[in-house]
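*Asks:* One structure coming up, written as structure tokens, with questions to follow.
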Amino acid sequence: MHVKSDGELLSMPLNLHTTEDLIALTSFEQIVFGFFYGILIIAAILYFFSSFAMRERTFLYYSLYVVFIGLLQFSVDGYFFQFITPNSGWLSLHSVILFATIANFLLGRYAQVFLKIKEYSSFINSSFLVLYVLDFLLLLSLFFIPSALEISYPIANGLGLILLILIISSCNSGICKDEKSRLFLCHWYFLFD
């Protein structure tokens, strides 16, 4: 057996099950995944309608972020290949990195608009813009440089880490001093734990 990873965690445990155990395990996993994806869909729909009801771009960015992070997880779990693109092809091979770069951009825009970074610091605002350009270049490389797929996973992970550091440092540096920013920061600390 030959196993290879493009920068993602690779785990190949060998588990042997009886037929009955395998069916029970698979059924339980389907319930858990269904619950997880159901929560994501409900959250995305609620934020989507909230964005129109309240006329807030922030909710639209967050709603789209939830959709694309859900699609990313759907791809990582193999369901995108299984249900959406069972015949493989370009989209099936690139779905994880495609959804990751779009989710990264949407998370950055959500944080940038929600925290009003542009009002507080032009340097951090410019840093967000540079990160968006890098995300866009990574996205373009998928279409025009086929061999870029091999290095795109570590680059996407690195850009995501830089984005999260930017968001947290924006809140920690005292740029955003209001109650909304503290709650936002608390939310991200719980996400990391």
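The values are calculated or read from the model by the stated rules, or taken from the named source; none is laboratory data. Computed from a prediction, not measured in an experiment: that's the story for all the values here. Cβ sites come from the backbone with ideal geometry, for glycine too, and all protein chains shown count toward neighbours. Areas reflect the complete protein model, heavy atoms only, side chains present, ligands, DNA and RNA absent. Shrake-Rupley method; radii C 1.70, N 1.55, O 1.52, S 1.80 Å.
*Asks:* If only one of Phe143, Phe136, Phe123 is more than 21 Å from the chain's Cα centre (by Cα) and at pLDDT 85 or above, which one is it?
*Replies:* Answer to the selection: Phe123.
*Asks:* While we're on this one: Go through the range 120-133 and count every residue that is assigned to a helix (DSSP H, G or I) and open to solvent by less than 80 Å² (accessible area, probe 1.4 Å).
*Replies:* 7
*Asks:* Can you find a residue in the range 106-114 that is part of a helix (DSSP H, G or I), under 25 Å from Ile151 (Cα atoms) and open to solvent by 20 Å² or more (accessible area, probe 1.4 Å)?
*Replies:* Yes; the residues of the range 106-114 include at least one that is part of a helix (DSSP H, G or I), under 25 Å from Ile151 (Cα atoms) and open to solvent by 20 Å² or more (accessible area, probe 1.4 Å).
*Asks:* A follow-up question, please. Could you say whether any residue in the range 1-23 is closer than 29 Å to Ala148 by Cβ and polar (S, T, N, Q)?
*Replies:* yes
*Asks:* With respect to the numbered conditions (1) under 27 Å from Ile42 (Cβ atoms); (2) touching a residue at least 24 places away in the same chain (Cβ under 8 Å); (3) in contact with a Lys or Arg (Cβ under 9 Å, 6 or more places away or on another chain), which one is the sole condition not fulfilled by Tyr120?
*Replies:* (1)
*Asks:* Let me ask something else about it. Can you say whether Ser88 is farther than 26 Å from Cys171 by Cβ, over 12 Å from the mean Cα position of the chain (by Cα) and at pLDDT below 85, as far as the supplied structure shows?
*Replies:* Judged against the criteria, Ser88 is a match.
*Asks:* Can you work out which of the residues in the range 30-52 that are open to solvent by 80 Å² or more (accessible area, probe 1.4 Å) and under 16 Å from Gly78 (Cβ atoms) is nearest to the chain's Cα centre (by Cα)?
*Replies:* Phe36
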